[in-house]
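The structure appears right after this line, and notes come after that.
The values are calculated or read from the model by the stated rules, or taken from the named source; none is laboratory data. The structure presented is a predicted model; accordingly, all values stated were derived computationally and were not measured. Glycine also receives a Cβ, built like all others from the backbone with ideal geometry; neighbour counts cover every protein chain displayed.
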């Protein structure tokens, strides 16, 4: 995959919120905000962003309030500091239609999947699955920021993101068009059957996860399959599924075995290789937007329509 051209032109202000886990090292977060500034992307923290209550970044009320505060800022981009766990506790308290009307570019991934899905289900709004402060900008120097991740993020935020090429894995050629949606597999499954799970048919479902053994990944994919979600899509696009440890008694049972089995259960194409998830590079994706997906051999393309 070729890195988009990285420009250092001044970008709009980024407002940082912590809707899930607590930031364990506030100084590291402040350093990461400094990295953003040095890249021409000034950032400021929500007043509650560095709080802590148990494992969470402050109380449920404080974290939910950060969304309303963010919607009122002059900063057009809202980015989370980190994922973790805690956003699903906030869903009943969020006014998704009001947040959509604010016209912000909401950016994050992992636990932020719950917000992406809620915005699509409740407001039909496009949000952005992409980098977060500590995962992608907590580095020693600006040169240490992954250039593909940074370049894609810049293009997405400026409305210049048109096409993404990647090394794809799929037995047959795919040519599909539909709503791009999904995110973290664990969080997606956790919302199944709730009011915040979008009823998307004919979409392109993308999924990623981390620290989950292949049998747990398979179990969650089976849940989506047996609920009719996978069969209702034009394609399923798998990103990074990583950082798991196989056991001796797996005896050859691994993630490729899971994918092979899943492909035998559905007519929906299962495409691997999307550079998105808890690894680098991490592209920025318009969750809820209409996109085109095409594969030929080992090459895949996502084509983005109007996303800004």
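Among the residues of the stretch 49-67, what is the count of those that are assigned to a loop (DSSP other than H, G, I, E, B), out of contact with any strand residue (DSSP E or B) (no Cβ under 8 Å at 6 or more places or on another chain) and surrounded by fewer than 19 Cβ atoms within 10 Å (Cβ to Cβ)? Full working, then the answer.
Taking the stretch 49-67 first, the residues assigned to a loop (DSSP other than H, G, I, E, B) are 49-52, 54-55, 57-59.
After this cut, where a residue has to be out of contact with any strand residue (DSSP E or B) (no Cβ under 8 Å at 6 or more places or on another chain) as well, the list is 50-52, 54, 58.
Then drop every residue that is not surrounded by fewer than 19 Cβ atoms within 10 Å (Cβ to Cβ), which leaves 51-52, 54.
Summing the residues that are assigned to a loop (DSSP other than H, G, I, E, B), out of contact with any strand residue (DSSP E or B) (no Cβ under 8 Å at 6 or more places or on another chain) and surrounded by fewer than 19 Cβ atoms within 10 Å (Cβ to Cβ) in the stretch 49-67 gives 3.
When the stretch 169-221 is examined, which residues are found to be in contact with a strand residue (DSSP E or B) (Cβ under 9 Å, 6 or more places away or on another chain), surrounded by fewer than 16 Cβ atoms within 10 Å (Cβ to Cβ) and under 17 Å from residue 119 (Cα atoms)?
Answer for the stretch 169-221, where residues must be in contact with a strand residue (DSSP E or B) (Cβ under 9 Å, 6 or more places away or on another chain), surrounded by fewer than 16 Cβ atoms within 10 Å (Cβ to Cβ) and under 17 Å from residue 119 (Cα atoms): just 201.
Looking at (1) out of contact with any helix residue (DSSP H, G or I) (no Cβ under 7 Å at 6 or more places or on another chain); (2) closer than 21 Å to residue 70 by Cβ; (3) not in a helix (DSSP H, G or I), which one does residue 156 not meet, given that it meets all the others?
All conditions pass for residue 156, except number (3).
What strands (runs of 3 or more DSSP E) completely inside the stretch 176-290 contain at least 2 residues that are farther than 20 Å from residue 125 by Cβ?
Numbers: elements: 204-210, 235-242, 270-272, 285-287.
By residue number, 204-210, 235-242, 270-272.
Tally the residues that are closer than 22 Å to residue 158 by Cβ and at pLDDT 95 or above, restricting the search to the stretch 1-33.
We begin by selecting, within the stretch 1-33, every residue closer than 22 Å to residue 158 by Cβ; these are 1-17, 32-33.
With the extra rule that they be at pLDDT 95 or above, the set shrinks to 13-17, 32-33.
Residues in the stretch 1-33 being closer than 22 Å to residue 158 by Cβ and at pLDDT 95 or above: 7 in total.
List the number of the failed condition for residue 119; all other conditions in (1) in contact (Cβ under 8 Å) with a residue 60 or more places away in the chain; (2) buried (at least 24 other Cβ atoms within 10 Å of the Cβ); (3) closer than 15 Å to residue 90 by Cβ hold.
(2)
Is the stretch 75-84 home to any residue that is touching a residue at least 12 places away in the same chain (Cβ under 8 Å), crowded, with 21+ Cβ neighbours inside 10 Å and in a helix (DSSP H, G or I)?
no
Checking residue 146 against (1) touching a residue at least 24 places away in the same chain (Cβ under 8 Å); (2) in contact with a helix residue (DSSP H, G or I) (Cβ under 8 Å, 6 or more places away or on another chain); (3) more than 28 Å from residue 211 (Cα to Cα), only one condition comes out false. Which one?
All conditions pass for residue 146, except number (3).
Which members of the stretch 141-150 meet the condition of being surrounded by 21 or more Cβ atoms within 10 Å (Cβ to Cβ) and not in a loop (DSSP other than H, G, I, E, B)?
Pass one, the stretch 141-150, residues surrounded by 21 or more Cβ atoms within 10 Å (Cβ to Cβ): 145, 149-150.
Matches in the stretch 141-150: 149, 150.
Would you point out the residue of the stretch 127-140, among those that are part of a loop (DSSP other than H, G, I, E, B) and touching a helix residue (DSSP H, G or I) at 6+ places or on another chain (Cβ under 8 Å), that is surrounded by the fewest Cβ atoms within 10 Å (Cβ to Cβ)?
Filtering the stretch 127-140 down to residues part of a loop (DSSP other than H, G, I, E, B) leaves 130-132, 138-140.
The next check asks that each one be touching a helix residue (DSSP H, G or I) at 6+ places or on another chain (Cβ under 8 Å); those that pass are 130-132, 138-139.
Details: 130: 25, 131: 27, 132: 24, 138: 19, 139: 13.
Among residues in the stretch 127-140 that are part of a loop (DSSP other than H, G, I, E, B) and touching a helix residue (DSSP H, G or I) at 6+ places or on another chain (Cβ under 8 Å), the one surrounded by the fewest Cβ atoms within 10 Å (Cβ to Cβ) is 139.
Of all residues being in a strand (DSSP E or B) and closer than 26 Å to residue 242 by Cα in the stretch 159-175, which is farthest from the chain's Cα centre (by Cα)? Just the residue, please.
Of the stretch 159-175, the ones in a strand (DSSP E or B) are 163-167, 169, 174-175.
From the residues that got through so far, the ones that are closer than 26 Å to residue 242 by Cα too are 163-167, 169, 174.
On the way: 163: 17, 164: 15, 165: 18, 166: 17, 167: 19, 169: 20, 174: 23 Å.
Ranking the candidates gives 174 first.
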